Ligand code: AMP
């Protein structure tokens with residue numbers, strides 16, 4: 001199906017052509033006509049599916065038919081969980097709207113930076129506001145933005161919005177919006193909390209649940225390597241060197257770990273930077289730009305910070321620390337294998353995270369062999385396997401912060417192994 005059959009205007013089709021998109025992705029083919037008809041949409045869409053353009057294109061077209069007032073009135077609100085995603089969507093809107101006859105003004109607002117420039121930018125109004133919920137609420141409370149003329153609301157990565165505890169802010173924002181509006185709801189997963197939100201928010205939505213066609217399914221090889229926790233950095237260095245990886249996104253559990261692993265890699269002359277929520281926005285933008293321009297080989301990131309990273313040609317994602325949940329696993333692995341490229345998602349599993357890894361695999365319906373790399377064979381593997389085998393339902397270690405076996409545990413395990 002060509003883009004031209006979806007009802008988009010010639011100027012948008014021209015922009016799409018200049019971008020080199022030959023055909024709409026499945027989520028675009030289903031979403032664009034529905035949005036143009038003014039319908040509510042409930043889409044299960046992964047990052048990498050082309051979902052951003054799927055809602056941005058028809059919303060831009062709708063805005064063209066509304067003559068704008070001075071100051072401009074906010075017609076579209078796009079709520080996202082992270083500043084990186086907000087920035088990316090803002091860039092996408094600016095890029096896709098550049099050839100439109102009527103200029104579209106977009107304001108991107110998020111927390112963690114000074115509110116004043118955002119207030120200034122909003123002074124003349126805006127057509128579209130892309131925001132994280134907390135900051136939008138602050139701006140609305142300070143009368144820096146009026147939400148009474150909004151005609152369309154987009155919730156992007158709704159599962160993540162709820163995961164990050166934005167439910168209350170969301171509720172308060174929803175109460176400020178006109179009841180009569182179009183709602184577009186995008187989520188990678190649909191746990192009960194997300195379903196409940198969708199149910200209260202959407203009116204007779206068009207449901208878009210695309211089973212990716214085999215050739216369009218992201219081509220991501222998943223592997224798991226058993227390694228002792230204390231040797232993970234060495235193994236990472238070894239794998240980077242041995243495989244000649246040029247760009248690697250490494251996930252860790254904490255800011256401290258991000259700093260530490262990046263530091264160790266740098267000492268081994270591998271260009272690496274940490275990427276976490278305590279870095280200034282300027283620094284985060286710089287790290288991403290350096291990563292995209294291949295001035296950096298490795299970015300060591302926490303989940304929240306890495307949420308919005310969209311890098312074409314990211315061949316490898318490494319779970320140095322396992323993700324807390326199966327949902328996070330999906331999001332992490334989804335950073336690679338984008339837009340038709342193939343990718344590798346590698347997880348390091350040590351004795352204290354084995355039980356948690358099994359849980360993630362179960363939820364993901366995965367059964368990966370636990371590989372070993374020569375020279376990095378885990379000393380604690382046998383013990384971990386025995387312990388996991390013995391327990392019908394292995395005690396949760398609470399994820400990556402799992403309890404390491406004590407000396408006593410080790411002695412007991414050694415005694416069990418003896419004939
Ligand atoms: P998203 O799922 O919105 O994060 O988009 C993932 C990537 O796919 C982005 O880099 C887009 O530029 C790209 N993309 C979006 N639509 C298309 C399309 N129709 N054809 C090829 N690439 C696309």
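We did not get these values from a lab; they are worked out from the coordinates using the rules stated. Predicted, not measured: the structure shown is a model, and the values here were computed from it. Please note: Cβ atoms are built from the backbone with ideal geometry, for glycine as well, and neighbour counts cover all protein chains shown.
Taking the inverse of the average 1/r across all pairs of different Cα atoms in the chain, what Kirkwood radius in Å do you get?
Hydrodynamic radius (Kirkwood, Cα only) of the chain equals 23.0 Å.
Need one number: nm distance between label points at residue 263 and residue 148, each 7 Å from Cα along Cα→Cβ, rounded to one decimal.
Result: 5.4 nm between the two label points.
Hey, what does the equivalent ellipsoid look like for the range 3-209, semi-axes from the Cα gyration tensor as sqrt of 5 times each eigenvalue, largest first, whole Å?
Its equivalent ellipsoid spans semi-axes of 24, 21, 15 Å.
Hey, with R₀ at 41 Å, roughly what FRET efficiency would residue 221 and residue 115 work out to, going by the Cβ-Cβ distance, to 0.05?
0.40
How high is the relative contact order of the chain? Use alpha-carbon pairs under 8 Å, at least six apart in sequence, and give a whole percent.
15 percent
Want the number for residue 374 to residue 238: 0.36 nm per residue separation, take away the alpha-carbon distance, what's left?
Answer, rounded to one decimal: 47.9 nm.
Would you calculate, for the chain, the mean residue ellipticity at 222 nm contributed by helices, counting each DSSP H stretch of 4 or more residues as -39,500 (n - 2.57) and dividing by all residues, to the nearest 500?
-12000 deg cm²/dmol
How many percent of Cα pairs in the range 253-339 exceed 18 Å?
Looking at the range 253-339, the distances longer than 18 Å represent 40 percent of pairs.
Between residue 70 and residue 254, 0.36 nm times their residue separation minus their Cα-Cα distance comes to what?
Contour length minus the Cα-Cα distance gives 61.6 nm.
How much length is gained if the chain between residue 168 and residue 285 is pulled fully straight, taking 0.36 nm per residue apart and subtracting their Cα-Cα distance, in nm to one decimal?
39.3 nm
Taking the alpha carbon gyration tensor of the range 147-260, what are the square roots of 5 times its eigenvalues, largest first, to the nearest whole Å?
40, 20, 13
If the convex hull of the alpha-carbon atoms of the range 142-191 is projected onto planes in all directions, what is the mean projected area in square nanometres?
4.0 nm²
Most fluctuating residue of 61, 313, 180 in a GNM of the chain with Cα springs under 10 Å: which is it?
Result for the chain, Cα springs under 10 Å: 180 fluctuates most.
In nanometres, what is the gap between the two model label sites at residue 271 and residue 342, each 7 Å from Cα along Cα-to-Cβ?
The modelled label-to-label distance comes out at 2.7 nm.
Could you please tell me the mean projected area of the C-alpha convex hull for the range 219-378, averaged over all directions and given in square nanometres to one decimal?
8.7 nm²
Pick from 179, 158, 34: which is most flexible by mean-square fluctuation in a GNM of the chain where alpha carbon atoms under 10 Å apart are linked?
Most flexible of the set in this elastic network: 179.
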